[in-house]
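Notes for the one structure printed next.
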Amino acid sequence: MPPMKYLTEWRMHLAGDLLTDTKLPISSIAERIGYGSEAALTKAFKQFYQLPPGEVRRQSRVQRAG
């Protein structure tokens with residue numbers, strides 16, 4: 001696997017964990033995993049998961065409540 005693909009996958013999995021396990025703002029998550037902005041993280045996240053980060057967070061909260 002090319003290094004950049006590995007890095008992107010690692011970042012996306014880490015972002016997913018932070019979205020579902022913390023209440024950190026998406027902008028803080030972006031900064032923590034090496035993205036320059038919330039918009040850059042959102043774009044990469046949507047490409048990887050076909051969902052925006054906010055929707056993943058919302059779905060995880062609904063699952064926990066239900």
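Give me the percent relative contact order of the chain, please, defined on Cα pairs under 8 angstrom at least 6 residues apart.
Relative contact order here is 28 percent.
Using the Cα centre of the chain as the reference point, and only Cβ charges (+1 on K/R, -1 on D/E), how large is the resulting charge dipole? Debye, rounded to the nearest 20. Write out the running numbers ahead of the final one.
Working: 10 positive and 6 negative charges, 31 e Å.
My answer is approximately 140 debye.
If you fit an axis through the alpha-carbon atoms of helix 53-65 and take the longest principal axis of the Cα set of the chain, what angle between them do you get, 0 to 90°, nearest 10?
40 degrees
Let me have the 222 nm mean residue ellipticity of the chain computed from DSSP H runs of 4+ only, each contributing -39500 (n - 2.57), with the sum over all residues rounded to the nearest 500.
Working: 4 runs with 51 residues, N = 66.
My calculation for the chain gives -24500 deg cm²/dmol from helical runs alone.
Mind checking the angle between helix 3-21 and the chain's longest principal axis? C-alpha axes, 0 to 90 degrees, to the nearest 10.
In the chain, helix 3-21 runs at an angle near 20 degrees to the longest axis.
Throughout, read-outs are computed from the coordinates displayed, never taken from laboratory work. For clarity, every value in this text was computed on a predicted model and none was experimentally measured. Cβ coordinates were reconstructed from backbone atoms using ideal geometry, including for glycine residues, and neighbour counts include every protein chain displayed.
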